[in-house]
Amino acid sequence: MSLTLLNVIVAVIIAIAFAALNAAYLVWAERRGAARIQRRPGPNINGPFGLFQPPLDGVKLMAKQLLIPGGVDKVLFMAAPVLAMAPAITSFVTLPFSDLIVGHNMHIGILLIFAFASIGGMSLLFAGWSSRNKYSMMSSVRAVSQAIAYEIPMLITVITVVMIAGTTDLMGIVKGQMGGFWHWNIFPFKAGLFNPLMLMSFLIFFTCSLAETNRAPFDLGEAESELVAGFHTEYGSMGFGLFFMAEYANIVIGASLTTILFLGGWDCPFGFFPGVWWFLLKIYLLIASFIWIRWTFPRTTIYGLLNLSWKILIPLSLFNLLLTAGLLKVF
Amino acid sequence: MTKKNIRKGALDIMFAEWLFFGLAGLSVLGAIGLILFRHPMNGAMSFVVTLISLAGLYALLSAKLLFAVQLIVYAGAIMSLIIFIIMFLNIQEHDLPDEEGKGLFLLGGAVVITPIALFLYKIVKSLPGSDTKIIGNGFGDVREVGLILFKNWLLPFEIVSILLLVALVGAVVLAGKKGVGK
């Protein structure tokens, strides 16, 4: 027991460090990327290329006083940021970074990640409700209706991939795609199964992960122009910091899941030297495209957002599920 | 089995027992909170605690799929919807009913329930115990549950899904516009 317990503790510590470092430096990357797209320098004073900005921001956030406004529900108000961050970190434990680097591989890995994500979604509700602030409340209502709407096509797309791979084990899903880019789930050539809609299901999954992580153009939950700052309006210091870190941790998880399900995980596109570097390269390319999309497209409206999910993405993903099931039966 | 292995096994069981008592206590506390909190939101919150600790109990019984499904379906989707509705109702402190005779009701309830609880305790004690067994690795996994569900329990499964469909259609009919097309 002691050995396995030690393993779990070490895995959790590495997961926390990875999540925190990623959160810190993705904020830097986001600000630099935004600045580049908007033709301004961005953070460039502290250190080379402004690389010391994230630790300084972190110190500033931690040194601030933790303010609890009068009239809030204290327990829920304090619990919400922790509930946002904890599931995000726990999800890292089940993600396989390569065939050797994985915290704890489980048969139900993909289900567990969605289970933790659903707890994370509830933290937004608690934050908005406990703030006793109508903007926070409206924001969390939006965030939750959005999360529920986009979870459906996302899960249906995941079922499609799980049917092709024949396993819910994340490592097994990657192992089914090894050996060059033409084996990846995103392309329709996979192993006798000529499903022409795989690229579309990749796009559905990618769109849903944008929406699930509350990223622009789907960031209706924190639309500054309408809702002040959304569900974290009343939060300062590290409470706000935790929400911020959870958002970036969720982005990393979304990119990792997209890589594992569709882009072959740690597999090399040309079939040599598979390893963790390919995985990291793929997730950072995806995250760069997240940032690119955020600063390129304007925000949609809440109706447009919900219509996109219920009227377009869900029927399309259901059709894709049926087609894949049929193809699996025929070939 | 060497002595070290036996000690390790005993430690494992002890750890599992602590986890069991902790989760069981949490689930009971959550259920009590659900009844006793005045504001429905706090009640819903403590219900979430109950559901999550139940998921933990399933995990202790190595029902992995049930653990994940409990978290996704109950703790995630259903509780989100319940809390969503409570938020929409926007219940303020002055909307809540006065609970004047609360202490009296509690006392009366305790007087009624104590003999029943004692009786139940006796019954549970008199049941023959069975040793816990280590079960195979595949237990409670997606494949096993799916096979059992679609081989032995296919008809009940389909009937339940039709029941859900009936509930869905009924909700749409009830929520639909009245008097349109008449």
Please name which of B:I148, B:V124, B:V112 has its Cα lying farthest along the dipole of chain B towards the positive end, using unit charges on Cβ (Lys, Arg +1; Asp, Glu -1) and the Cα centre as origin. B:I148
Computed [θ] at 222 nm, helices only, for chain A once each DSSP H run of length n ≥ 4 contributes -39500 (n - 2.57): -22000 deg cm²/dmol
Mean-square fluctuation check for chain A, GNM, Cα pairs under 10 Å: which of A:L263, A:L285, A:L313 is largest? A:L285
On Cα atoms only, tilt of A:109-130 relative to the major axis of chain A in degrees: 20
For the protein assembly as shown, the dipole about the Cα centre with charges only on Cβ (Lys and Arg +1, Asp and Glu -1), to the nearest 20 debye, works out at 540
Under the definition of partner shielding as Cβ atoms of other protein chains within 10 Å of a residue Cβ, what is the mean value for peptide B:36-44? 1
Counting other C-beta atoms within 10 Å, which of A:C268, A:C208 has the fewest, and how do the rest follow? A:C268, A:C208
Provide a whole-number value for the mean count of partner chain Cβ atoms within 10 Å of the Cβ atoms in peptide A:121-132. 3
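Taking the inverse of the average 1/r across all pairs of different Cα atoms in chain B, what Kirkwood radius in Å do you get?
Computed over Cα pairs of chain B, the Kirkwood hydrodynamic radius comes out at 21.2 Å.
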I need the phi-derived Karplus couplings for region A:256-263: 6.51 cos²θ - 1.76 cosθ + 1.60, θ = phi - 60°, integer Hz, Gly and Pro marked x. 5, 5, 4, 4, 5, 6, 10, 10
Taking the dipole of the protein assembly as shown about the Cα centre (Lys, Arg +1; Asp, Glu -1; charges at Cβ), the one of B:F21, A:M171, A:L313 that reaches farthest to the positive side is A:M171
Counting only helical runs of four or more DSSP H residues, what would the 222 nm mean residue ellipticity of chain B come to if each run contributes -39,500 (n - 2.57) and the total is spread over all its residues? -24000 deg cm²/dmol
Take a quick pass over region A:3-330 and tell me how many lysine pairs come in under 22 angstrom between Cα atoms, counting only ones 8 or more apart or on separate chains. 7
Would you look at the GNM of chain B, springs on alpha carbons closer than 10 Å, and say which of B:A55, B:A44, B:A16 moves the most? B:A16
Taking the Cα centre of each part, how many Å lie between region A:260-331 and region B:10-65? 36
For region A:1-159, what is the per residue volume of the convex hull drawn over the alpha-carbon atoms, in cubic angstrom? 194
Options A:F18, A:L280, A:I45, ranked by Cα towards positive dipole end of the protein assembly as shown, top entry (Cβ charges): A:L280
Connecting every pair of Cα atoms under 10 Å apart in chain A and solving the GNM, the largest mean-square fluctuation among A:I186, A:I293, A:I156 falls on A:I293
Under unit Cβ charges (Lys, Arg +1; Asp, Glu -1), what dipole magnitude, rounded to 20 debye, does chain B have relative to its Cα centre? 620
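Within 10 Å of each residue's Cβ, count the other Cβ atoms and sort B:M45, B:M79, A:M200 from fewest upward.
In increasing order of surrounding Cβ atoms, one gets A:M200, B:M79, B:M45.
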D (Stokes-Einstein, µm²/s), Kirkwood Cα radius, region A:209-259, 0.692 mPa s at 37 °C: 282
What is the average number of partner chain Cβ atoms found within 10 Å of a Cβ in B:57-68? 2
Quick one: Debye curve from the alpha-carbon atoms of region A:70-123 only, equal weights, vacuum; give me log10 I(q)/I(0) at q = 0.26 Å⁻¹ to two decimals. -0.95
Only counting other Cβ atoms within 10 Å, I'd like A:W184, A:W295 sorted with the fewest neighbours first. A:W295, A:W184
Treating only the Cα positions of the protein assembly as shown as identical point scatterers, give the base-10 log of I(q)/I(0) from the Debye formula at each q in 0.09 Å⁻¹. -0.76
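Each reported figure results from applying straightforward, stated rules to the coordinates on display, with no laboratory input. Nothing here was measured: the structure is a model prediction, and the numbers come from that model. Using ideal geometry, Cβ is built from the backbone for each residue, glycine included, and neighbour counts are taken over all protein chains shown.
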